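The structure appears below as structure tokens.
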2 protein chains.
Amino acid sequence: MRLSAKGEYGVRAMVYLALNYRSGPIPLSKIALGENISQQFLEQIFAALRREGLIYSARGIKGGYTLAYPPEKICVGDIIRALEGPITPVNCLSEGKEEADRCTRADICLTRNVWERLRDHINYLLDNISLQDMIEGKFDEFIVNK
Amino acid sequence: MRLSAKGEYGVRAMVYLALNYRSGPIPLSKIALGENISQQFLEQIFAALRREGLIYSARGIKGGYTLAYPPEKICVGDIIRALEGPITPVNCLSEGKEEADRCTRADICLTRNVWERLRDHINYLLDNISLQDMIEGKFDEFIVNK
DNA sequence: TTAATCCTGAGTAATTTACTCGGCATTTAT
DNA sequence: ATAAATGCCGAGTAAATTACTCAGGATTAA
């Protein structure tokens, strides 16, 4: 149940962009320095974030990256899914993997419910914390009751 | 944010034991067959579960494993922590790792709050689902409000 | 034209995961 | 006493994933 470095760095970098929202494009070199993350690794991360439409890029000198949406419109869940794929504790929950054969057993379905619940919890939590929330340092309290 | 096979198999195996609670020791061969898991791998898993005191073992013919507590006293969190160590999305949250140097940065603390919250959510959820709950197929509804 | 940037695909090193293997120890039934 | 079924243990290995690096091209502003 660990986040990858990609996910962790990605969120940190996005917070960095959020803190500098409306300051024009921020170059990777600056983020790499400020967050003490390898710039080349950040390039990989930003490629994925861009593919998912979470950031805009500007090339050339004075280029860099900016958030594609205001900080309150981007949530942690978006970032992590962009970088790690679907957030799910076990594979057999995501789409049509052919592991369905295992799931014919009675008790599997028992465990399956737990993983579904866990998956939904995590997604719900991370979808309700925006970059803006993080900057302000306070998240909404919420009731999870599903 | 994926569970290891060890964790997944471990929970399935423990459910198996719970379903056969009070039927005497269950040998690994039976579980391996019933759950379609490599018996040798199960040995590793059960060694860890035993080290953590979640199961008892009986050697020799007619030997096997039994739950160390009734199914309502053992929760999914116990099992996963026994098999994967502390449940935490990022390392820097667990004890005195020397990654504290990174955590001097202002925005790191911003992200740290999120990971702490996520960690607590996951642990709370998994600590409130017992083997008995899984067998009965219904979990308590709960309010997460921290 | 230059320098700073983004962009891309491939490659690699390290780590973790998911096991296997060999063999010994214990217990019960015969 | 012996055999057979089990647990127990430490080491080893193969595969997958992660966490990067590397080389070089494309774009843009000064």
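The values are calculated or read from the model by the stated rules, or taken from the named source; none is laboratory data. Only a predicted model underlies this, so the values are computations on that prediction, with no experimental measurement involved. Note that we place each Cβ from the backbone using ideal geometry, even for glycine, and neighbour counts take in every protein chain shown. Keep in mind that these areas ignore ligands, DNA and RNA; they rest on the heavy atoms of the full protein, side chains included. Shrake-Rupley method; radii C 1.70, N 1.55, O 1.52, S 1.80 Å.
If only residues of the range A:1-40 that are more than 10 Å from DNA strand C (Cβ to nearest atom) and in contact with a Pro (Cβ under 7 Å, 6 or more places away or on another chain) are counted, the one that is nearest to B:LEU3 (Cα to Cα) is A:LEU3.
When B:TYR56 is tested against (1) modelled with pLDDT under 95; (2) under 14 Å from B:ILE26 (Cα atoms), just one condition goes unmet, and that condition is (1). Go through the range B:48-85 and report how many residues are closer than 12 Å to B:GLY10 by Cβ and near DNA strand C (Cβ under 10 Å from one of its atoms). Qualifying residue count for the region: 2.
Within the range B:100-146, the set of residues being surrounded by fewer than 17 Cβ atoms within 10 Å (Cβ to Cβ), closer than 23 Å to B:LEU54 by Cα and modelled with pLDDT of 60 or more comprises B:ASP120, B:TYR124, B:ASP127, B:ASN128, B:GLN132, B:ILE135, B:GLU136, B:GLY137, B:LYS138, B:PHE139. Consider B:GLU84 carefully, then state whether it is acidic (Asp, Glu), touching a Ser or Thr at 6+ places or on another chain (Cβ under 7 Å) and under 26 Å from B:ARG117 (Cβ atoms). The answer is yes for B:GLU84. Applying the criterion of being among the acidic types (Asp, Glu) and within 11 Å of chain A (Cβ to nearest Cβ) to the residues of the range B:1-51, the residue that is farthest from B:LEU131 (Cα to Cα) is B:GLU35. Could you please let me know if A:SER29 is under 28 Å from A:PRO86 (Cα atoms) and of a type in the set (Ser, Thr, Tyr)? Here the answer is no, as A:SER29 does not meet what is asked.
If you go through the range B:32-55 and pick out every residue that is over 19 Å from B:ARG81 (Cβ atoms), more than 9 Å from DNA strand D (Cβ to nearest atom) and open to solvent by less than 20 Å² (accessible area, probe 1.4 Å), you end up with 2.
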